[in-house]
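**Student:** Dropping a structure here in structure tokens format, bear with me for questions.
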Amino acid sequence: MKILPFVSASRLCAALASLTLLVSAAQASAADVLPGPVISVSQLKELVNRKQVTVLDTRELLQSDQKTPNYAAGHIPGALPLPYSSFRGPTDNPGAVITIDRLTALVRPLGLTLERPIVLAGSGSDPSEFGGPARIYWTLKAAGFKNLAILNGGLGAWMAEKLPIETASPQVTSSSISLRYRPDYMLSTDELIKRLSGSTASRPALIDSRPEDFFSGEMRHPAAARWGTLPGARNFDSAEFFVPNTGRLLSRTQLKTLAEQEGLLVPQPSVTFCNSGHWSSTHWFVLHEILGQSQVQLYPESVVAWSKTGQPMDKEPSRATVLKRQLQGTGVMQ
């Protein structure tokens, strides 16, 4: 019989302490892989080469009438498809948050875990397109994912650097991940109505992230029941956060300066909204994730849901104007 050597209690404690440090270091290194909520092409290139990240391509898998390149036509090496359309609600309420069961069914086949570094990559075509990756980012973070980033400029920026793309779909092992939405991220229409009916001091500031034509009541989303904006809201078009005529966000310094000039960095709670939680996801991402404004919330269902409640709206046109627009077929975004 082999006799095991005696290990003193002090040595055992030291060994356990060393193991704990190694585990903590490994966890820290995983958390430190992503430099921040926005990642550059050069930063992503290094992570892809070292296979330290999962890239999720938010474009559609295949769409024959789509003029812009899609996932099947070419993507960042190793990228997995997670189309933005999978995160949209029904036609009559496209901003509705998908159920946790539906989200789980989407991410398990991709082998995702809560700790795995994940980078979302859209097409990078323009500021509006950025809302797709931003909404997915918000949804994943609300579900407990910890290491997330968005590729600034998307696939367009990647290809502009003449970096390789591939058409093959990687094979991955499914995960058994369990998810749960954080209550502090889930701002429903009923909850917002309740908060706005409270005392003036407790009401959140409302920021309409849409282009000015929507805010002023000149245009409306086809699923919205009425024109106009939420009562007391102010307007800041989320496209202002981008380098003009591109899908690239301004630098953090520029974003902070802009937010300060526009009075967006305030200590009071604020709620950002748009038509269906698309443009406002960008607004939330910039203020909450990049600039650290933890009091900012996203109202995902936005004007489409609010307009059907019978609650007051500002800048709502007269009945005569509404009738004229309906007869002429104008004022509705197609």
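Throughout, read-outs are computed from the coordinates displayed, never taken from laboratory work. Quick caveat: nothing in here was measured; it's all calculated off a predicted structure. Every residue, glycine among them, receives a Cβ derived from its backbone with ideal geometry; neighbour counts consider all protein chains shown.
**Student:** I'd like the FRET efficiency for ASP101 and ASP190, computed as 1/(1 + (r/R0)^6) with the beta carbon distance as r and R0 of 30 Å, rounded to 0.05. Provide the component values of the computation, followed by the final result.
**Tutor:** On the way: r = 22 Å, r/R0 = 0.72.
The formula returns an efficiency of 0.85 here.
**Student:** Please report, in debye to the nearest 20, how large the charge dipole of the chain is about its Cα centre when each Lys and Arg carries +1 at its beta carbon and each Asp and Glu carries -1 there.
**Tutor:** With only Lys, Arg, Asp and Glu charged at Cβ, the dipole is about 700 debye.
**Student:** I would also like to ask the following. Net charge within 12 Å of LEU187 by Cβ-Cβ distance, Lys/Arg positive one each and Asp/Glu negative one each, not counting LEU187 itself?
**Tutor:** -1
**Student:** Among ASP314, ASP184, ASP126, which one shows the biggest mean-square fluctuation in a GNM of the chain, springs joining Cα atoms closer than 10 Å?
**Tutor:** Ranking ASP314, ASP184, ASP126 by mean-square fluctuation puts ASP184 first.
**Student:** Note down the nm distance, to one decimal, between modelled labels 7 Å out along Cα→Cβ at THR173 and at ASP126.
**Tutor:** Once both label points are built, they end up 4.4 nm from each other.
**Student:** Still on this model: Apply 1/(1 + (r/R0)^6) to the Cβ-Cβ distance of ARG50 and SER318, taking R0 = 45 Å, and write down the FRET efficiency to the nearest 0.05.
**Tutor:** With a Förster radius of 45 Å, E is 0.15.
**Student:** PRO269: net charge of surrounding residues, Cβ under 9 Å, Lys/Arg +1, Asp/Glu -1, itself excluded?
**Tutor:** After counting each charged neighbour, the total is +2.
**Student:** In what order do VAL296, VAL33, VAL303, VAL172 fall by count of nearby beta-carbon atoms within 10 Å, going from fewest to most?
**Tutor:** Details: VAL296 24, VAL33 18, VAL303 31, VAL172 13.
The fewest-first ordering by Cβ neighbours comes to VAL172, VAL33, VAL296, VAL303.
**Student:** Here is a further query. From the alpha carbon gyration tensor of the chain, can you work out the equivalent ellipsoid semi-axes (sqrt of 5 times each eigenvalue) and give them in Å, largest to smallest?
**Tutor:** With the √(5λ) rule applied to the chain, the semi-axes are 41, 25, 19 Å.
**Student:** Could you give the length gained by full extension between THR257 and LYS146, i.e. 0.36 nm per residue of separation minus their alpha carbon distance, to one decimal place?
**Tutor:** Answer, rounded to one decimal: 37.2 nm.
**Student:** Please compute the modelled spin-label separation between GLU212 and LYS308, points set 7 Å along Cα→Cβ, answer in nm with one decimal.
**Tutor:** 3.1
**Student:** On a C-alpha basis, how far is the centre of segment 301-329 from the centre of segment 177-213 in Å? Whole number, if you could?
**Tutor:** 21
**Student:** Turning to a different aspect of this structure: What net charge do the residues around LYS146 carry, taking every other residue with its C-beta under 11 Å from that of LYS146, with Lys and Arg at +1 and Asp and Glu at -1?
**Tutor:** Summing Lys/Arg as +1 and Asp/Glu as -1 gives +1.
**Student:** Taking R0 as 41 Å, what FRET efficiency do you get between GLU161 and ARG108 from their Cβ-Cβ distance, rounded to the nearest 0.05?
**Tutor:** Here the calculated transfer efficiency is 0.80.
**Student:** Using helices alone, I'd like the mean residue ellipticity at 222 nm for the chain: each DSSP H run of four-plus residues gives -39500 (n - 2.57), total over residue count, nearest 500.
**Tutor:** Value at 222 nm, helices only, nearest 500: -9000 deg cm²/dmol.
**Student:** In Å and on Cα atoms, what radius of gyration and Dmax does segment 195-334 show?
**Tutor:** Gyration radius and largest Cα-Cα distance of segment 195-334: 15.6, 48 Å.
**Student:** Could you work out how much longer the chain between LEU62 and SER199 gets when fully extended? Use 0.36 nm per residue separation minus the Cα distance between them, nm to one decimal.
**Tutor:** Extra length from LEU62 to SER199 when fully extended: 44.3 nm.
**Student:** For a 25 Å ceiling on Cα separation, which of these pairs sit above it: LYS51/LYS256; LYS194/LYS308; LYS141/LYS315; LYS256/LYS315; LYS256/LYS308?
**Tutor:** Beyond 25 Å: LYS51/LYS256; LYS141/LYS315; LYS256/LYS315; LYS256/LYS308.
**Student:** Listing MET313, MET159, MET186 from the residue with the fewest other Cβ atoms within 10 Å to the one with the most, what is the order?
**Tutor:** The fewest-first ordering by Cβ neighbours comes to MET186, MET159, MET313.
**Student:** Using the count of nearby Cβ atoms within 10 Å as a rough guide to exposure, how do SER280, SER307, SER169, SER197 rank from fewest to most?
**Tutor:** Listed from fewest to most nearby Cβ atoms, that is SER197, SER169, SER307, SER280.
**Student:** Run the dipole for segment 74-199 about the Cα centre, Lys and Arg Cβ at +1, Asp and Glu Cβ at -1, nothing else charged, and hand back the magnitude in debye, nearest 20. If you can, show how the numbers build up before the last one.
**Tutor:** Numbers: 12 positive and 10 negative charges, 68 e Å.
Value, rounded to 20: 320 debye.
**Student:** Using all C-alpha to C-alpha distances in segment 148-212, build P(r) with 10 Å bins and read off the rounded percent in each one.
**Tutor:** 12, 21, 24, 24, 15, 4
**Student:** So, one more: Going through the DSSP H helices of the chain, which span 27 Å or more along their own axis at the Cα atoms while scoring at least 0.5 as a mean Kyte-Doolittle hydropathy?
**Tutor:** Long hydrophobic helices here: 9-31.
**Student:** Given 0.36 nm per residue, what is the gain on full extension from ALA225 to ARG180 after removing their alpha carbon distance, in nm?
**Tutor:** My answer for the length gained is 13.0 nm.
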